[in-house]
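Participant: My questions will all concern the structure given below.
The values are calculated or read from the model by the stated rules, or taken from the named source; none is laboratory data. Note that the coordinates shown come from a computational prediction; the quantities given were computed from them, not determined experimentally. Positions of Cβ are generated from backbone atoms using ideal geometry, with glycine treated the same way; all protein chains shown enter the neighbour counts.
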2 protein chains.
Amino acid sequence: MTLIANKSTNREVWSGLIKTYQQYLPVTENTPVVTLLEGNTPLIPVPSIAQLIGRQVQVFAKYDGLNPTGSFKDRGMTMAISKAKEAGARAVICASTGNTSAAAAAYAKRAGMKAFVLIPEGYVALGKLAQALLYGAEVLSIKGNFDQALKIVREMANSYPVTLVNSVNPYRLEGQKTAAFEVVDALGDAPDWLCIPVGNAGNITAYWMGFCQYHQSGKCDRLPRMMGFQAAGAAPLITGQPVTHPDTVATAIRIGNPANWEKAIAVQSASNGEFHAVTDEEILAAYRLLASEEGIFCEPASAASVAGMLKVKDQIPTGATVVCVLTGNGLKDPNTAIDNNQNAFKPGIEPTLEAVAQAMGVI
Amino acid sequence: MTLIANKSTNREVWSGLIKTYQQYLPVTENTPVVTLLEGNTPLIPVPSIAQLIGRQVQVFAKYDGLNPTGSFKDRGMTMAISKAKEAGARAVICASTGNTSAAAAAYAKRAGMKAFVLIPEGYVALGKLAQALLYGAEVLSIKGNFDQALKIVREMANSYPVTLVNSVNPYRLEGQKTAAFEVVDALGDAPDWLCIPVGNAGNITAYWMGFCQYHQSGKCDRLPRMMGFQAAGAAPLITGQPVTHPDTVATAIRIGNPANWEKAIAVQSASNGEFHAVTDEEILAAYRLLASEEGIFCEPASAASVAGMLKVKDQIPTGATVVCVLTGNGLKDPNTAIDNNQNAFKPGIEPTLEAVAQAMGVI
């Protein structure tokens, strides 16, 4: 028995993004597909947020936090690890303080490979590495900063039989572009606007690749304006210069010198898009709004897309369709949730119906 | 523009479990569907674990941790909240220390209702309530135990216009049974064995309801043996009597007196199933195995299904298909991951290629 579409139900069962979109990806029949059935994440209507804009604007959240390891990184990693396996790799390596390490570890171990993660000492809370460690990665903490870690893993991949799976690995973006395919498959066309958090700028580049490829294949009639949002404390694409000490609650986009800087500028230009900065306060307000009005719990960095959209909402054309990308699961960062909820915690209530009713405000 | 299947791609886009399975659910065209596009979770092959059994046995993990709030509770909650909204409810209430509170809060707030969560004081770490609080529930901590909390929410729902969404709400099981539909849709038939963690015994009851209903509708040719696994420190269904002080690392099944006790016994009997206890050590071993061999990070309680299957593996027929249910996302409980990984953390490495290569064991 194999995992196939069940004809009797006529319901097509998802087989992972590589098998689904293989005709658009650099794979062949010989590529061993390493998959956790990633992708196929929900495009959730967010009507309460749309109401803040009005004018028949429709807003959807592409909730990529529901990927197997909890972030969009799985899309790139299924490709990177499958291609590494095809090439005969036995080990992979990356420098990462967060979501990349979890995805790399999960897919590498599933492929029967070793996974090495380099982190800068003192910079990463051990809790953030819980996933990578449980997936069985070897986590090496160096007495240096992130740039040094990245330099070493690049050299490592050049000198030893270990495959680099940081975002410079070109297969990562190939996998990530499938999110754009899914958006078009769900809407029937590309949205008018695509709002997306921008850190290293790999994901905005990948989405644009996906929309363009689908457009060329006749799968959509239009292309979206790509609206990228950075955290104010880490906004080199808005200020035009690298940020030496990036600082924001949105740790997943706390990047001062994006690897895909030029690609991002090219996407902005080609799509007639715009980049804007949003403050941590705006990010956290959107983060709370998504949870308390729509029931969606995302990473703080993810909320930058919604915060940014609301910041420039007067520019949205009447009746437009807008998709906001939510890149990660809020469960990755429970402390931010504890520190930033609406604080409706009422302790010390007597265990009686009357006392509880009174605390609830119903009597 | 609405969220529909895109004919041009021939790829059916998931519309949530109520719309997909409405013919099997107690809903009408007038039921307002409150959905986060839950369900449609992956059925992931776990070949490394199957290899531990051999004899051409195929094993799949139904990874329900990829539901919107991170657990299978979303399946029941989309039904419970939709029906509450249909009935005109303005507020819902539950007693919960974990996954139920998160799901109740998310769906209630999405429906524009108030959500109240009752917890026993001192029993729940605030971190466990991060989700419910962020989703905007009002969390009331009473000076009493869980049984008292449950008694009060039942009385509350009888005396005030607030809907009870604990598992005694019959719509919860109706929603949860759709997981069985999805398993059959993916495999083309029911599996030979369904292995599932058992706490309150609602989920095993719901799965069985689903398999039977699909079987009666001709969607599957057979019915699975229902193999239920409890934690050794909370195993009333195995010992035959309630456990006064249930104790296990698998907090989501730390229940001494299951609400669905009699239903669970009926399922065991009707399906020719078996219930067994697994120790915390066995649960944690399966938990690590799922992560480090298959790349799947689940809640400790979820791993009871795999631990149990491995415990009785000699009973599995040659060539059988086995599905293990993983009820929750491992990100719900990061502390267990930190305390129970393989500890491959190497600090204090000099930031040079040579030092890193040596730490990796490649030179």
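Participant: Just one of B:Gly228, B:Gly218, B:Gly199 is in a strand (DSSP E or B) and assigned by the TED database to the domain that holds B:Thr41; which is it?
Facilitator: B:Gly228
Participant: Within region B:216-235, how many residues turn out to be free of Cβ contacts under 8 Å to residues at least 40 places away in the same chain, crowded, with 23+ Cβ neighbours inside 10 Å and out of contact with any Ser or Thr (no Cβ under 8 Å at 6 or more places or on another chain)?
Facilitator: The number of residues fulfilling the criteria is 1.
Participant: Only one of (1) of a type in the set (S, T, N, Q); (2) within 19 Å of A:Gly295 (Cα to Cα); (3) more than 8 Å from chain A (Cβ to nearest Cβ) fails for B:Gln131. Which number is that?
Facilitator: Answer for B:Gln131: the failing condition is (3).
Participant: Consider region B:237-263. How many of its residues are within 18 Å of the chain's Cα centre (by Cα) and closer than 24 Å to B:Gly70 by Cβ?
Facilitator: So the answer is 11.
Participant: For the condition over 13 Å from the mean Cα position of the chain (by Cα), within 13 Å of another protein chain (Cβ to nearest Cβ) and crowded, with 24+ Cβ neighbours inside 10 Å, what is the one hit in A:Leu36, A:Leu66, A:Leu43?
Facilitator: Of A:Leu36, A:Leu66, A:Leu43, the one residue that is over 13 Å from the mean Cα position of the chain (by Cα), within 13 Å of another protein chain (Cβ to nearest Cβ) and crowded, with 24+ Cβ neighbours inside 10 Å is A:Leu36.
Participant: Just the residues that are part of a helix (DSSP H, G or I), surrounded by fewer than 21 Cβ atoms within 10 Å (Cβ to Cβ) and touching a residue at least 24 places away in the same chain (Cβ under 8 Å), please, taken from region B:129-149.
Facilitator: Within region B:129-149, B:Phe146, B:Gln148 qualify.
Participant: Tally the residues that are of a type outside the set (Gly, Ala, Ser), facing another protein chain (nearest Cβ under 8 Å) and part of a helix (DSSP H, G or I), restricting the search to region A:154-181.
Facilitator: The total comes to 2.
Participant: Scan region A:238-260 and tell me whether some residue there is surrounded by fewer than 19 Cβ atoms within 10 Å (Cβ to Cβ), among the charged types (D, E, K, R) and under 24 Å from A:Pro45 (Cβ atoms).
Facilitator: No, there is no match, as no residue in region A:238-260 is surrounded by fewer than 19 Cβ atoms within 10 Å (Cβ to Cβ), among the charged types (D, E, K, R) and under 24 Å from A:Pro45 (Cβ atoms).
Participant: So which residues in region A:278-299 are touching a strand residue (DSSP E or B) at 6+ places or on another chain (Cβ under 9 Å), buried (at least 21 other Cβ atoms within 10 Å of the Cβ) and touching a residue at least 12 places away in the same chain (Cβ under 8 Å)?
Facilitator: A:Val278, A:Ile283, A:Ala286, A:Tyr287, A:Leu290, A:Ala291, A:Glu294, A:Ile296, A:Phe297, A:Cys298, A:Glu299
Participant: Can you pull out the residues in region A:310-363 that are part of a loop (DSSP other than H, G, I, E, B), of a type outside the set (Val, Ile, Thr) and at the interface with chain B (Cβ under 7 Å from one of its Cβ atoms)?
Facilitator: If the condition is that a residue be part of a loop (DSSP other than H, G, I, E, B), of a type outside the set (Val, Ile, Thr) and at the interface with chain B (Cβ under 7 Å from one of its Cβ atoms), then A:Asn341, A:Gln342, A:Ala344, A:Glu350, A:Pro351 are the ones that fit.
Participant: Are any of the residues in region A:106-120 within 11 Å of another protein chain (Cβ to nearest Cβ) and closer than 22 Å to A:Ala303 by Cβ?
Facilitator: no
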